[in-house]
Each structure stands twice: as structure tokens, then as C-alpha cells.
Amino acid sequence: GNSVTQMEGPVTLSEEAFLTINCTYTATGYPSLFWYVQYPGEGLQLLLKATKADDKGSNKGFEATYRKETTSFHLEKGSVQVSDSAVYFCALKRAGNNRKLIWGLGTSLAVNP
Amino acid sequence: DTAVSQTPKYLVTQMGNDKSIKCEQNLGHDTMYWYKQDSKKFLKIMFSYNNKELIINETVPNRFSPKSPDKAHLNLHINSLELGDSAVYFCASSQEQQAGADTQYFGPGTRLTVL
């Protein structure tokens, strides 16, 4: 079946540290891949996405590259800020008109000043 | 202008009661969703409507009943509330894209506490 596996948190970093949150997936065909972010007390919002192999999504200094050969979509940021403290969710959407997202369990990130 | 709004934001109630949560989106999207998020942040899809038609109906107790009076509204009614229903409920909406990468837009959530 289709699934998403994210690294477990919580992840705690100091400001300006490098961030990687691993995400791997299992899916048939060519899914679309997403990272959503949930700031404390808020709903989720799209951070970035990629729809085909080797696509790179980027936003707010975050990047993730769709790697078909390793079935991965790892999230990276070169220098995190305290305001990046949030829960990050990796998700996939199967090809075709199925509207359902398959979600990872979420990774909590805390950035200390 | 709030894109996806939910009411109420907080709901505290006794076990056995019936309650409703309302959701409205002003984005003109064709699909709306209800999610349940537990205390560990695990996100579970419950229902989805596309143009007022139910398209996703996950394994959810039949005490939960969604209703979509029109494409901009999706309400969730819960009968006979139980302690385990305590969670944050999120409404979301999206519009189908050709590339299949439609973005879901989430409301701010309704925190339900059952005592």
C-alpha cells in the first residue's frame, strides 16, 4: 500500500543550525509529494511540493528534492530560526484523481536562540 | 479575509452530548475535508466531499455525520460524545489540479474536550 515514513522527533536545534528531516515513501506510480508545516496553535499550511522525479520544491529557505531512486523527499534548511519551531508533515498524493493525502506522523522541531 | 474558517474554536462538553462543528471556505474550492488530530499530532482523514458528494469516508464511528449543504460549507455533527473524541478537528479545502498536486488549505481547528 501507500505510506509515508518520517523521522521521529522531537528535533531540537540551535538557531542557525542546519536542518534535515527525513521522509521516505512507498507508492505505486508517480505520486505528488508535499511538506506541510503546523505552527503552534494553528492549522497546517503547505510549505512546498513536488510533482515529479528530480523536482525541487522550495519556500522560505526550505528545500526538498523528489528522489524516485531512493523514494525520498527529505526537507532541508541551511540555517534555522526560532520562528521555524513547528511540526512538519510529509505527505503524498497518489497519481490520478484520488483526492486523499497519505500523511506522515509529523516531526516536531524546536529551535533555541 | 479568512480562507477556511471553523466555529467554534473551542468546545468543552460532557460525555453523551451531541455537538456540531461548522466549516466554511471562501476560496471557491470544489472539495472539503474533515481531519482529526490527536494529542500526539497524528492526523487522520475522516471525510471528504467533492461538490457536495461524499468521496472519502474513512473508518469512523457512525456517531460522526458530515453534512455539506453547498460546496462552500461542510459541517460535522457528533452524537453521544465519548472521552476518546477529545481532539483537534480540522477542516480543509482544495481545488483539483491537472498535475494532481492540489494544495489543501486548513482552517484554524476546533479543540474539542469531552469531560
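A few notes on this one:
- Per-residue Cβ neighbour counts within 10 Å put A:Ser83, B:Ser94, B:Ser5 in the sequence A:Ser83, B:Ser5, B:Ser94, beginning with the fewest.
- Rh by Kirkwood over Cα pairs, then Stokes-Einstein D for chain A at 1.567 mPa s and 4 °C, µm²/s: 92
- Applied to region A:56-65, the Karplus parametrisation 6.51 cos²θ - 1.76 cosθ + 1.60 on θ = phi - 60° returns per-residue 3J(HN,Hα) values of 10, x, 8, 5, 6, x, 8, 9, 8, 10 Hz, with x for Gly and Pro.
- Relative contact order (%) - region B:9-111, alpha-carbon pairs under 8 angstrom, separation at least six: 35
- Sorting A:Trp103, A:Trp35 by the number of Cβ atoms found within 10 Å of their own Cβ, with the fewest placed first, yields A:Trp103, A:Trp35.
- Percentage of interatomic Cα-Cα distances in chain B larger than 24 Å: 20
- Principal axis analysis of the Cα atoms in region A:51-110 yields extents of 38, 22, 19 Å, listed in decreasing size.
- Number of partner chain Cβ atoms within 10 Å, mean per residue of A:37-48: 4
- Note on B:Phe42, A:Phe34, B:Phe47: ascending count of other Cβ atoms within 10 Å places them as B:Phe42, B:Phe47, A:Phe34, the fewest first.
- Cα centroid of region A:1-71 to Cα centroid of region B:1-34, whole Å: 27
- About the centre of its Cα atoms, chain B shows a dipole size close to 380 debye [charges on the beta carbon of Lys, Arg (+1) and Asp, Glu (-1) only; nearest 20 debye].
- Measuring between alpha carbons in the structure, the pairs from A:Lys68/B:Lys36; A:Lys56/B:Lys67; A:Lys60/B:Lys67; A:Lys60/A:Lys100 lying more than 28 angstrom apart are A:Lys68/B:Lys36; A:Lys56/B:Lys67; A:Lys60/B:Lys67.
- Assuming charge only on the beta carbon of Lys and Arg (+1) and of Asp and Glu (-1), the dipole of chain A about its Cα centre is about 640 debye to the nearest 20.
- Residue by residue, region A:74-83 carries 3J(HN,Hα) couplings of 6, 8, 9, 8, x, 8, 7, 10, 4, 5 Hz when phi is fed to the Karplus relation 6.51 cos²θ - 1.76 cosθ + 1.60 (θ = phi - 60°); x denotes Gly or Pro.
- Cα Rg, Dmax, the protein assembly as shown, angstrom units: 17.7, 52
- Each pair of Cα atoms in region B:67-115 enters the Kirkwood radius, and Stokes-Einstein at 37 °C and 0.692 mPa s then converts it into a translational diffusion coefficient of 252 µm²/s.
- Local net charge near B:Gly107, Cβ-Cβ under 11 Å (Lys/Arg +1, Asp/Glu -1): 0
Read-outs throughout are calculated quantities, based only on the coordinates presented, and are distinct from any laboratory measurement. Bear in mind that the values here come from a model prediction, so they are computed numbers and not experimental data. Using ideal geometry, Cβ is built from the backbone for each residue, glycine included, and neighbour counts are taken over all protein chains shown.
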